[in-house]
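Novice: Below you'll find the structure I mean.
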Amino acid sequence: VLLLLDNCSSHKIEGLNLLNVDVHFLPLNTTSKIQPIDSRIIMSSKNIIINIII
């Protein structure tokens, strides 16, 4: 599993032993550039899940 995090100060990974998880941080000041893409992915995923359930 690849976990991508922004550089928010609350994202602390020190002391975590995550098996089968690679944690990578996005470069500084990129969150605002990728949020519109993220919202479209979430909306598409939500629609797929709703269609499966209904």
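The values are calculated or read from the model by the stated rules, or taken from the named source; none is laboratory data. Everything numeric in this text was worked out from a predicted model, so none of it was measured. Neighbour counts run over all protein chains shown; Cβ positions are idealised from the backbone, glycine included.
Novice: Can you find, within the stretch 16-54, the residue that is modelled with the highest pLDDT among those that are in a loop (DSSP other than H, G, I, E, B) and polar (S, T, N, Q)?
Specialist: Among residues in the stretch 16-54 that are in a loop (DSSP other than H, G, I, E, B) and polar (S, T, N, Q), the one modelled with the highest pLDDT is Asn20.
Novice: Could you tell me whether Ser45 is out of contact with any strand residue (DSSP E or B) (no Cβ under 8 Å at 6 or more places or on another chain) and surrounded by 10 or more Cβ atoms within 10 Å (Cβ to Cβ)?
Specialist: Yes.
Novice: If Asn20 satisfies every condition in (1) touching a Pro at 6+ places or on another chain (Cβ under 9 Å); (2) exposed (fewer than 10 other Cβ atoms within 10 Å of the Cβ) but one, which is the exception?
Specialist: (1)
Novice: Okay, moving on. Against the definition (touching a residue at least 24 places away in the same chain (Cβ under 8 Å) and either exposed (fewer than 10 other Cβ atoms within 10 Å of the Cβ) or acidic (Asp, Glu) (or both)), how does Asp6 come out, yes or no?
Specialist: For Asp6, the condition - touching a residue at least 24 places away in the same chain (Cβ under 8 Å) and either exposed (fewer than 10 other Cβ atoms within 10 Å of the Cβ) or acidic (Asp, Glu) (or both) - is met.
Novice: Only residues that are under 13 Å from the mean Cα position of the chain (by Cα) and acidic (Asp, Glu): list them for the chain, please.
Specialist: Residues satisfying the conditions are Asp6, Asp22, Asp38.
Novice: Please work out if Ile13 is assigned to a helix (DSSP H, G or I) and at pLDDT below 85.
Specialist: no
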